[in-house]
Every structure is written in structure tokens, then in C-alpha cells.
Amino acid sequence: MADLILHHHDPSPFGEKIRLCFGLKGLPWDSVQVPMLPPRPLVEPLTGGYRKIPVLQVGADIYCDTRLIARELERRYPQPTLFPQGSEGLAIALAAWSDRSFFDPGAGLSMGLNRSMIPPAIIEDRKDFFNFMDFDRLEDDLPHLFTQFRANLAYVERMLADGRRFVLGDAPSFADIDAYFPVWMARGNIGDAPRLLQPFERLRSWEARMDALPRGLRRDIDGEQALAVARAASPLEPLGVEADDPLRLSAGDAVVVTPDDYGRIPVTGELVTLNVDEVALRLRSAPVDEVIVHFPRLGYRVERCR
Ligand SMILES: N[C@@H](CCC(=O)N[C@@H](CS)C(=O)NCC(=O)O)C(=O)O
């Protein structure tokens, strides 16, 4: 059994970010495919209901959101680095661009162009989940979405304008993963992708280099096996709650953590870590006894339970 378990599904673009991180670091990992739709009874006891994927499990510690997962992989396995030349701040900040400005129109195109082929239950579910998409006018909006996606492709082309092999120079890094995953999504979901990408010559060569990168040493396991791993493990000692945090919370408080963008499903638990980068909650539930679920601070609202 590998130490790292990724709960994801193969078509997930955010999942592809983390599969590439495993590849850059040459890590072995176990893959759990989650159903395309909730309920997800084998992952919910680990996450407290956090709705998005991917989720990284290491024993009884659960890491949500690709920004935090990337940082945690770097902390545990520093070499080879995801963040060469001290680029962590830059690359995580760049995710604010690619996870929304670039991803959102790509997700709109994926839904709008393929609606007739997507099972109606998934469309209904994603209507609630993707609160930034107006499903009533998605088809009418396709030309606009193409312009938005294409403008981001043009930015990537310019990132590579001086002939560099990767976004930060000679070696691939998390900055490339940021820029790449919406392109990967477009190739998979947008029938017109070859025509859309055609004008961007440097991007296409770089895309081929990214596509050729490894995705780590993967083994498939099922959700029951992952739950058994959590049950048999104890979480790491939490980092604690900073006293000068603006929210003035204390360790042991019952709090709710909710993404502030889309998929706003709250997770309730006992506060164990609160600092500038991270918030973590202890959850206790029958099938796993005790887990600690970690979220990035950026993009997540933390509130005392009322
Ligand atoms: N900010 C999150 C975004 C993750 C996200 O939006 N994931 C999509 C899949 S690519 C998702 O959860 N979709 C709904 C679902 O699969 O239930 C991250 O970086 O991990």
C-alpha cells in the first residue's frame, strides 16, 4: 500500500493537477475512483462532506484542495521540487488565475458543448455545484466562452514567447501544472480543441512536453481499503491555533469551514489548526474513529458554529 491515496475520478482536471505532481516527484500512490455524483459514502466519512475532488489521504490526515495538496506533497517530499527558484508563492498565486479565470470558461464549454451526452442527473447536480454557470443560457453563451478560453490560451503562449521549454525555464514545475490543466480539460471535452489550439504554436509544443510527463506509480484500490487505512492510522499532531488570528478562535472550538466560491458544502468539526495558510478540523465518525481534515486558508470561510 502506498502512503498517498488520491480520491478522484480520471476525467477530473483538478485531479490531473495532482497526478502530475506525483509524476514530477516520482511518487507511488494509490488511486480511489469516486462516483461522479454524491452520495459518496466511502469518502464522506473522511472529508466531513467536503464536496470537491480531488482529496489526498495520508493515513488519517485528509488534505482538500489542490493548492494545499501541492504544498503538503512538497513538505513531505521536498525533492524534486514543485517550486524551483523559490516559486511557491508565484505558483500558488498563479492558481488563482488558472483555477478560475481559465478553468471556468473551459468548464462552461465542457458542459455546454456536451450537454446532450451528459447524463441528466449529472447536469442537475452540476447546476447547483457550478454556481458561476448560467445553465439556462449556456448554449447561447458558447461563443463568449470560446473568447474567454482563447484569451487565456494566448497568455500561456506569451509565457512561452522567448522559446523556454517550461513556464519558469528548463524544468517543469507547479506553474506549468497551473497553466496546463485547463488545456488538458479542453483536449478531453471540447470537440473543437484542435482548431482552438491551432494558432498557439509554442503552447502546442509545450503541451506535448507536459503530456509526456509521468503521472507517478499508480495502483488502484477501492474506497473500503482507504477507509481501513484511515481507521488503522492516527492523525499527525496538529499545528495548533494561532492566538493572534483575526477570527479569535481557540483550539477545540466547534467550527464550520466552507469554500467561498462554488460547491459551498460546509464541513463541521473541532478546530485543531489555524494559521495564515491552513485550517484543520478533527472529525470523529463511526467508520473511521478519528481523522483530521485540512483546508487552505485562502478561499475558505471559517466560522464558529452557532
Ligand atoms: N479549488 C478546488 C477545485 C476542485 C474542483 O472544482 N473539482 C471538481 C472536479 S475537477 C469537482 O469537484 N467537481 C464536482 C464533483 O466531481 O463532484 C481544488 O483546487 O481542488
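The values are calculated or read from the model by the stated rules, or taken from the named source; none is laboratory data. Since we're looking at a predicted model, the values are computed, not measured. Heads up, the Cβs are rebuilt from the backbone with ideal geometry, glycines too, and the neighbour counts pull from every protein chain shown. Side chains are part of the model used for accessible areas, which takes the heavy atoms of the whole protein and leaves out ligands, DNA and RNA. Shrake-Rupley method; radii C 1.70, N 1.55, O 1.52, S 1.80 Å.
Numerical summary
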read-out	value
Neighbour cut-off at most 15 other Cβ (10 Å), DSSP loop, GluC sites (Glu not before Pro), region 104-175	Glu139
Added length on full extension, which subtracts the Cα-Cα distance from 0.36 nm per residue, Arg76 to Asp244	57.8 nm
Normalised alpha carbon radius of gyration of region 188-255 [divisor 2.2 N^0.38 Å]	2.10
Taking region 84-211 and dividing mean pair separation by its residue count, relative contact order in percent (alpha carbons under 8 Å, at least six apart)	33 percent
Protein accessible area in the chain, 1.4 Å probe - carbon and sulfur %	53 percent
Gyration tensor (Cα) of region 84-211, equivalent ellipsoid semi-axes in angstrom	28, 16, 12
Integer Hz, Karplus 6.51/-1.76/1.60 couplings in order for region 143-154, x for Gly and Pro	x, 4, 4, 4, 5, 5, 5, 5, 4, 6, 4, 5
Cut-off under 5 Å, modelled amide H: who pairs with Tyr300 long-range	Asp260
Candidates per GluC sites (Glu not before Pro) in region 175-271, loop by DSSP, up to 14 other Cβ within 10 Å	Glu242
Difference of contour (0.36 nm per residue) and Cα-Cα distance, Leu37 to Asp222	65.0 nm
Accessible area of the chain divided out per residue, in Å², using a probe of 1.4 angstrom	45 Å²
Rg to Rh, two decimals, where the chain supplies the alpha carbon set and Rh follows Kirkwood	0.96
Length-normalised contact order of the chain in % [C-alpha pairs under 8 Å, at least 6 apart]	26 percent
Length released on extending from Ala286 to Ser116, taking residue separation times 0.36 nm less the Cα-Cα span	57.2 nm
Tilt relative to the chain, helix 103-114 - C-alpha long axis, 0 to 90 degrees, to 10	70 degrees
